[in-house]
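Q: Before anything else, here's the structure in question.
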Amino acid sequence: MIHPGNPGERGKVVTISPVTRLEGHAKVEIILDDNGNVQDTYLQVVELRGFERFCQGRPVEELPGIMPRICGVCPGAHHIASAKAVDAVFGVEPTETAKKLRELFYCAHIIHSHIAHFYLLAGPDLLVGPTEDPTERNIFGVFKKLGMEFGRQIIANRKYAQRVQELMGGKATHPVFGLPGGVSKPLRREEKDTIEEMFKSMLDFARMGLSLWEDAILRRGDYGDLLRSDAYYLETYYMGMVDRNRKVNFYEGEIRAVDPRGREAARFKPKEYLDFIGEHVEPWSYLKFPFLKNIGWRGIIDGEGSGIYRVNSLARLNVSEGMATPLAQEAYEKMYEFFGERPVHATLAFHWGRLIETLYAAERGLELLEDPEITGQEIRADVARPVGEGVGVVEAPRGTLYHHYKTDDKGIVQRVNLIVATVQNNAAMSLSVKKAASKLIREWKVSDGILNMVEMAIRAYDPCIGCATHTLIGQMPLKLNIRKADGEIYKTLIRP
Amino acid sequence: MKILVLGVGNPTLGDDGSGLYVARELRKKISRKKLKIEVVIEESSSDWLTIAEKMVDYDEVILIDTAVVNEERLVGRIFKFDLKGLDKRYEYSYMLHNLSLSSAIEIIRSLSPEETPEKVILILIGIIEPKEFSDKLSPTIKRIIPKVVKEVLDEISKIN
C-alpha cells in the first residue's frame, strides 16, 4: 500500500524527510522546560485494532496461515508461535522430526531478521556514524564504508535465510509449514544438502559480523564510550526463553525473568504467562504497558522496584546462563567481559546481542542438519478432538511472542490474545527515549544528529509497530515533536 | 525476454490485497495465451527489500499495488508510473516497513547492476485506507480488478 507524500515545510513545523530505519508508526513528544532542557517525553503509537476479532469464528487450524499476515517482516515468528498454540489447542505433541524441522526453519528466520536489522537499520548509526550527514547515514553509506563485496554478502546471506524458509515452508513470507502436530512436508535429502551449504555461508557471515563489531565498534574508543554511555543505560528486569540448561532457546523452553542484579525474578511455563504478566494502560498511549505482576507497576521508571522488563536479544542473553553452541558461547563471554557486569543494562548492546544470536542460529541450524532425524518421514502426530485452549510461545527476533487461542469443542476460534515483543518493550522504549533526550538535548540545542541519537534509543529495540498494532500498513512514520513547556511546537521531525 | 508481474498486498486488509487478486486473475489469463516472452506471475506481502530481491535477473517488472487516495472520486482509479519517472520527494513515500521501494531497488541495483531490471512499471489502484481487517474486497474495487488485469495484459502485449 502506497501513501501520499510528505507535507514538506510549512510554518514553524520543519519537516526533514530522509527515510528513518524503524519498522512502524510511532510519535515521540519531547517537552522542554523554560531553559530548553528536557522536562518530559512520551512515545505514542497509533493502533488499528481488530485482528483478534478477525480470527474469531474460523477453524483454529487456519490461524497459522492467517497470523503471519500481521507482519511482512517477521511472519515466521507468528507462524511458528501460532502452530505451537494450535498444537496445544488439539492437545498434541509434534513428532521429534517435526520439532527439529520447525526449529531449523526458525533459525533461518532469526538470521534473516537480525541481518536486516543490524546492517540496514542499525548499521547506518553504528558503522557510518550517529551524527553523520543523513544523506550518508543510510545503507549506501554502509556499503561505502564496508565495501561493495561486503554489501553483496549482506544481501546474499539474508537471501539464503529467506530461501531456507521458502524451501521448507513453501513460501518464506507467509509459510504453509506448521500444522497441528507437525509440519506439512519432510525435508528431502537434496534440499538438506542445499540448506546445509546456505547455513555454512551464514555461519561464516555471522563470524564476519562479530569481527566487524570488534574492529568497527569496540576498537574505537568513542564507540565504546557510546555503548557504555549513561544516555543509553536502564536498570530493568529482563525476560526470555531458556532451555533446561538455562541456555538461550528460540523455539522451546521455559520463560525466565531476572531482576536488575541478575537474580531470578520469575520462571514459568508459557501457558502460565497470565499469572506473571500484567498489562498497564496509560490514557496517552494506545499500546499497553506489560509488567511483571509479582513486582508490580510503579510507573514508567526503572530500578528493582519497577516491574518493567525488557525482551529481545540482550534480554535473552541476560536471562540465560550462556549459549548452547561453542562459537556463540565464546562471543557471549566476550560481551560480558567487555561490560564487566551481569546483566548488561546498556541499551545499545541489543545490537551486539543480535550478532551473537545470529552466530548461534547458524551453528544450531548446522547441528540440526547433522541430525539423521531431520530427514525423517514422521512429520505429523495424530490429531484428536480439540481440548479448547492453547498457548504457543517462541522467541521472535524482537522478543518473546505469545499466541493464546480459545475454541469451542469443534475447534472454532472464540478468543485470541497476542502479546508481541514490541508491546512488552513499550515502557522500556519510553524510558529509553526520556533518558537519551534528557542527556543529549541541552539548552535548546536540537540538531538532526542529536535527534538521530534519540531515535537510536528506540531503534536498539528493533521495534515493529506493525506487529504491535496487529496490522500491516503501508506508511508508518515516526513523528518527533519537540514542544516548549506551554505546548507550542519548537521543532518537528517527521521520518516517513 | 523475461518479465516478472508481481501482485503486492495484504489479503487480510480488505482492498489492500487488490494486487494479489489481480495476480491470480492474470495467472488464469496468461496460461491460455501464447507469448513469445516468458512471463512469471508472483504474489508478495513482504517488505520492499524482499520484493526488490525478487526482481533480480528479470528484464522488466510490472508491479501491482494499491495507493491510498482517501478521496471518493479517486477510489478505483488506476495509476500507472514508470518508477524512474517519480520525483525524489514522492519516492520517499513508497513505504512498507519504512524502506521505500525505490531505495530497495537501488540497494539491489548498486550490488548487482547488470542483473537488476532497468524498467519497473507500477500499476496502482486508488483505495481508501483500510480501517479494519477483512478478507474481502469492497464492491468498487472488486469491479475494477478486470480493468487492472486488462491494463497489465496490454502492457505485456507491448513487450511481447
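Q: Being at pLDDT 85 or above and surrounded by fewer than 21 Cβ atoms within 10 Å (Cβ to Cβ) is true for just one of B:Val75, B:Val22. Which residue is that?
A: B:Val75
Q: I've got another one for you. Identify, from the list A:Glu197, A:Glu149, the residue that is part of a helix (DSSP H, G or I), more than 30 Å from A:Ile70 (Cβ to Cβ) and within 14 Å of chain B (Cβ to nearest Cβ). Give the steps one after another, and end with the answer.
A: Working: A:Glu197 fails: within 14 Å of chain B (Cβ to nearest Cβ).
The unique qualifying residue is A:Glu149.
Q: Being among the aliphatic types (A, V, I, L, M) and either within 12 Å of the chain's Cα centre (by Cα) or modelled with pLDDT of 90 or more (or both) is the filter here, so list the residues in segment B:59-72 that pass it.
A: Matches in segment B:59-72: B:Val61, B:Ile62, B:Leu63, B:Ile64, B:Ala67.
Q: Checking A:Lys159 against (1) within 18 Å of A:Phe118 (Cβ to Cβ); (2) assigned by TED's automatic domain parsing to the domain that holds A:Met67; (3) touching a residue at least 24 places away in the same chain (Cβ under 8 Å), only one condition comes out false. Which one?
A: (3)
Q: Quick test for you: out of A:Ala436, A:Ala362, A:Ala427, pick the one residue that is crowded, with 24+ Cβ neighbours inside 10 Å, within 16 Å of the chain's Cα centre (by Cα) and not in a strand (DSSP E or B).
A: Matching residue, one of A:Ala436, A:Ala362, A:Ala427: A:Ala427.
Q: Which pairs have Cβ atoms under 9 Å, sit 6 or more apart or on different chains, and link a residue in segment A:126-140 that is on the phi > 0 side of the Ramachandran plot and away from chain B (no Cβ under 14 Å) to one that is crowded, with 18+ Cβ neighbours inside 10 Å and of a type in the set (Gly, Ala, Ser)?
A: Final answer for the pair search is A:Gly129/A:Gly141.
Q: Kindly provide the set of residues from segment A:52-95 that are surrounded by 24 or more Cβ atoms within 10 Å (Cβ to Cβ), at the interface with chain B (Cβ under 10 Å from one of its Cβ atoms) and assigned to a helix (DSSP H, G or I), ordered by number.
A: Once the filter is applied, which keeps residues that are surrounded by 24 or more Cβ atoms within 10 Å (Cβ to Cβ), at the interface with chain B (Cβ under 10 Å from one of its Cβ atoms) and assigned to a helix (DSSP H, G or I), segment A:52-95 yields A:Met67, A:Pro68, A:Arg69, A:Ile70, A:Pro75.
Q: Identify all residues within segment A:337-355 that are out of contact with any strand residue (DSSP E or B) (no Cβ under 9 Å at 6 or more places or on another chain) and part of a helix (DSSP H, G or I); write none if there are none.
A: Correct list: A:Glu337, A:Phe338, A:Ala349, A:His351, A:Gly353, A:Arg354, A:Leu355.
Q: Just to be sure I understand, how many residues within segment A:365-379 are assigned to a helix (DSSP H, G or I), in contact with a Lys or Arg (Cβ under 8 Å, 6 or more places away or on another chain) and among the charged types (D, E, K, R)?
A: Qualifying residue count, segment A:365-379: 1.
Q: From A:Gly305, A:Gly296, A:Gly322, which residue is in contact with a Lys or Arg (Cβ under 6 Å, 6 or more places away or on another chain), assigned to a loop (DSSP other than H, G, I, E, B) and surrounded by fewer than 16 Cβ atoms within 10 Å (Cβ to Cβ)?
A: Residue meeting the stated conditions: A:Gly305.
The values are calculated or read from the model by the stated rules, or taken from the named source; none is laboratory data. Being a predicted model, the structure only gives us computed values, none of them experimental. Heads up, the Cβs are rebuilt from the backbone with ideal geometry, glycines too, and the neighbour counts pull from every protein chain shown.
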